[in-house]
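Here's the structure we're looking at; comments come further down.
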């Protein structure tokens, strides 16, 4: 058995494995659709750009982040 020496060897192993399966292509389609839904659609609706709502310019954004990082945590 050959050793996996790089990331491309690792990925090639999975691609070859899916090619030899009877359900390989439909599984890749399902994986692609799932990733598209997770990263494109859900991000738009559930993860707004919070930093743009807090500050307008780059300097205000960096000041806001610095204040949030150095502010003492609020314990309950």
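Per-structure values
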| item | result |
| --- | --- |
| Filter result for residue 11 (surrounded by 11 or more Cβ atoms within 10 Å (Cβ to Cβ) and either in contact with a helix residue (DSSP H, G or I) (Cβ under 6 Å, 6 or more places away or on another chain) or not in a helix (DSSP H, G or I) (or both)) | no |
| Number of the exception - residue 67 against (1) assigned to a helix (DSSP H, G or I); (2) under 25 Å from the mean Cα position of the chain (by Cα) | (2) |
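Just so you know, all these numbers are worked out from the coordinates, no wet-lab data involved. Because the structure is predicted, anything quoted here is derived from the model rather than measured. Glycine gets a Cβ as well: all are built from the backbone with ideal geometry, and neighbour counts include every protein chain shown.
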